[in-house]
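Data first, discussion second: the structure below is written as structure tokens.
The values are calculated or read from the model by the stated rules, or taken from the named source; none is laboratory data. Predicted, not measured: the structure shown is a model, and the values here were computed from it. With ideal geometry, Cβ positions are generated from the backbone for all residues, glycine too; neighbour counts draw on all protein chains shown. Just the protein is used for accessible areas: all its heavy atoms, side chains included, with ligands, DNA and RNA removed. Shrake-Rupley method; radii C 1.70, N 1.55, O 1.52, S 1.80 Å.
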Amino acid sequence: MRPAALIACLLVATAGGCRSRATGRSEIGRSEIGRSETANPRPRTTAQPGVATSAAAPAASRSCSAQAGSEASEPPPRPLRRCFTDRPAWLDAPVASLLDRAAELFDDADYAGALACAEEATRQAPRSVEAHHNRAISLMRLDRLDEARDAIALALALAPDDAETLEAAADLNINQLPPSVDRSALGLEYARRGSRHVVRRDRERIARLALLEGQALIDLGRAVEALRRIDAALKSSPHFSAAIYERGVALFELCRFEEARHTFGKVLATAPDHAHALYHIGLIEERLGEDAAAARHLAAASAADVKSFPLPLELPQTDFAARVRRAVTELPDDLRRDLGGIKVEAADLPDIGDLVAEKPPLSPTILGLFRGLPLDYTDRVIPTSAGRAGKGRAQPVSSGSGDSNGHAAATAPGAADLQCDAGERTIVLYRRNLLRTVRDVGELDQAITRTLLHEVGHLRGEDDGSLRDRGLE
């Protein structure tokens, strides 16, 4: 018997490009507009078929002097905790009982107790997928994420197609570990594999895995695909509140603002203090010029979850523009030479025309944008093909004028008339989006410089993949 899935409130990021981040983590690269609840994996309560339930032979003793130099960085030993306190330490409980007790303690939010039971089970049955799964999700709840990752890797080594463990692995990479493109891609593949192997009658797990796919696709800047998987989650579980919220996020990323606002309104109808929905509605109202309503919803989001949504730094547009100009003068000589004749502008928010010029649209949370063709553009050079994930190198524009950072989109030379020329090259940095990623003016200056470096990379013809590999995601 396996308990039903638990819904937990998580915060994660949307994807790709030079995006803002709505949490305390402020690195450029992925917009974190917020995640609502997503289903966390649950403890498993049955022993793996064929696994012995008796105690294993004692392991050989280890030398206490080994790696003495690393003792200072290791956590202190933890007190002994037995799964069943009425049993002496030398008497092992059956593995099935340990797994059942782990599930009970997990449901009671006693994650340390659940971990103790799971660890006893793994010692007795080292090939038990259920035991390693339970250990992993208990470690996740205790925020011991590196250990959780190792435990999940071991469980998947034992059972690569186990849907429950694949769900846990996807959740760990998409929602728990510090965000990165690689982790989002890895989590997506775990979720996809889980979707292929989940039992068809398990509608809730089907919905959760589809939602995890949708979350990862949003993180990777693929909101159109994400919307399809989120809709699949809602088809399996029509009242799945986390999927309703994530549908709003996908619509927001696609600049379908009125639809997104309506979707977030449905979330707030059942959860009025839902910080992430409040925050998104505030962003939408800000874009639509409804400043009073936007300020009210953004303040409510901060009141509901100040850690995720601290009130942003305040800086007038004139002061922000001055900081951008100063950052340009402090760039290395070769970069300033490349910027000769290129307009560098400061704006409050991205213009809707720039966002929807590309199909699919750019994220409303981009920090900066390069508008125009690369410096090395020539219609005599056959450009490399580029999609949404590897945005245009020196290619004429057939529809729209930018990637997630405003870089020229790509078609073959001669396929269409150019919609911009070299004289229209412009870099724009967005005040409100940048201010939401930082805590003070020192961090703001760093973010401005980093965004400039990213956009100059596009000016020089680099795509987002190249910039990410150089640490300028």
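Under the condition of being part of a helix (DSSP H, G or I) and closer than 22 Å to TYR279 by Cα, which residue from the range 339-355 is least open to solvent (accessible area, probe 1.4 Å)?
Step one: list which residues in the range 339-355 are part of a helix (DSSP H, G or I), which gives 352-355.
Filter again for closer than 22 Å to TYR279 by Cα, leaving 352, 355.
Numbers: ILE352: 74, LEU355: 0 Å².
Looking at the filtered set, the residue picked out is LEU355.
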Residue within the range 229-241 that is out of contact with any strand residue (DSSP E or B) (no Cβ under 8 Å at 6 or more places or on another chain), of a type in the set (Ser, Thr, Tyr) and modelled with pLDDT of 95 or more present: yes
Scanning the range 183-200 for residues that are farther than 16 Å from ILE218 by Cβ, at pLDDT 95 or above and of a type in the set (D, E, K, R) gives ARG193, ARG196
Counting only residues that are open to solvent by 10 Å² or more (accessible area, probe 1.4 Å), over 21 Å from GLN176 (Cβ atoms) and in a helix (DSSP H, G or I), the range 90-115 contains a total of 5
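Pick out, from the range 403-473, the helices (runs of 4 or more DSSP H) lying fully within it that include 1 or more residues that are modelled with pLDDT of 95 or more and surrounded by 15 or more Cβ atoms within 10 Å (Cβ to Cβ).
Values: elements: 431-435, 441-459, 464-469.
Once the helices (runs of 4 or more DSSP H) in the range 403-473 are filtered for at least 1 residues that are modelled with pLDDT of 95 or more and surrounded by 15 or more Cβ atoms within 10 Å (Cβ to Cβ), what remains is 431-435, 441-459.
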Inset, instruction - Report yes if some residue within the range 290-297 is over 18 Å from PHE252 (Cβ atoms) and crowded, with 17+ Cβ neighbours inside 10 Å; otherwise report no. - result: no
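Sort through ARG296, ARG336, ARG323 and tell me the only one that's assigned to a helix (DSSP H, G or I), touching a residue at least 60 places away in the same chain (Cβ under 8 Å) and of a type in the set (Lys, Arg).
Details: ARG296 fails: touching a residue at least 60 places away in the same chain (Cβ under 8 Å); ARG336 fails: touching a residue at least 60 places away in the same chain (Cβ under 8 Å).
On inspection, the qualifying residue turns out to be ARG323.
Kindly provide the set of residues from the range 196-209 that are assigned to a loop (DSSP other than H, G, I, E, B) and among the β-branched types (Val, Ile, Thr), ordered by number. Break it down stepwise before answering.
Filtering the range 196-209 down to residues assigned to a loop (DSSP other than H, G, I, E, B) leaves 198-202.
Residues satisfying the conditions are VAL198, VAL199.
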Cβ pairs under 7 Å, 6+ apart or interchain, first in the range 431-458 and closer than 12 Å to LEU331 by Cβ, second surrounded by fewer than 24 Cβ atoms within 10 Å (Cβ to Cβ) and of a type in the set (Asp, Glu), ordered by first then second residue, are VAL456/ASP338
Exercise for the section: State whether the residues of the range 275-288 include one that is out of contact with any Leu (no Cβ under 9 Å at 6 or more places or on another chain), open to solvent by 10 Å² or more (accessible area, probe 1.4 Å) and more than 29 Å from ALA170 (Cβ to Cβ). Expected result: yes
Inside the range 214-267, the number of residues satisfying the requirement of being buried (at least 24 other Cβ atoms within 10 Å of the Cβ) and free of Cβ contacts under 8 Å to residues at least 12 places away in the same chain is 0
Every listed condition ((1) within 16 Å of the chain's Cα centre (by Cα); (2) closer than 19 Å to PHE252 by Cα; (3) of a type in the set (Gly, Ala, Ser)) holds for ALA233 save (1)
